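Down below is the structure, laid out as structure tokens.
Derivation of every value follows stated rules applied to the coordinates shown; laboratory data play no part. This one's a predicted model, so the numbers in the text were calculated from it and none came from an experiment. We place every Cβ from the backbone using ideal geometry, glycine too, and count neighbours over all the protein chains shown.
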Amino acid sequence: MHALFPRANILTEEVIHAAIEVHRHLGPGLLESLYEWCFVRELQLRGLGVVHQRKVTLTYKGGVREDLLRCDLLVESVILVELKAVEDVLPVHKAQLLS
């Protein structure tokens with residue numbers, strides 16, 4: 001088991017509750033950027049540290065590239081959150097999450 005698993009397990013529950021609260025308050029149909037702002041605020045109100053739109057560094061055979069990828073949210077430096085404001089999750093969304 002990874003050393004961060006117990007912390008990630010607790011945080012995951014809190015992140016899900018925060019997401020449900022945002023959706024309950026705003027409902028469907030808004031832009032992803034608005035949900036992101038509200039979600040960040042909700043997590044902060046719960047006392048969680050959150051970074052949004054953080055650059056991801058890609059390293060390949062000695063080369064380094066930043067700003068190629070961005071993660072939507074990083075909660076407490078443990079949980080990576082990819083937000084989607086779509087009606088259906090498509091295979092391309094799953095591929096984006098895995099990468």
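The combined condition, being part of a helix (DSSP H, G or I), more than 11 Å from the chain's Cα centre (by Cα) and surrounded by 10 or more Cβ atoms within 10 Å (Cβ to Cβ), is fulfilled by H93.
For the range 57-80, a residue qualifies if it is out of contact with any strand residue (DSSP E or B) (no Cβ under 9 Å at 6 or more places or on another chain) and free of Cβ contacts under 8 Å to residues at least 40 places away in the same chain, and the qualifying residues are Y60, K61, G62, G63. Is it true that some residue in the range 54-74 is surrounded by fewer than 13 Cβ atoms within 10 Å (Cβ to Cβ) and assigned to a helix (DSSP H, G or I)? The answer is no, given that none of the residues of the range 54-74 is surrounded by fewer than 13 Cβ atoms within 10 Å (Cβ to Cβ) and assigned to a helix (DSSP H, G or I). Evaluated against (1) exposed (fewer than 13 other Cβ atoms within 10 Å of the Cβ); (2) touching a residue at least 12 places away in the same chain (Cβ under 8 Å), G47 falls short on exactly one condition, (2). Among the candidates R54, R41, which residue alone is out of contact with any strand residue (DSSP E or B) (no Cβ under 9 Å at 6 or more places or on another chain) and not hydrophobic (A, V, I, L, M, F, W, C)? Result: R41 is the single residue among R54, R41 that is out of contact with any strand residue (DSSP E or B) (no Cβ under 9 Å at 6 or more places or on another chain) and not hydrophobic (A, V, I, L, M, F, W, C).
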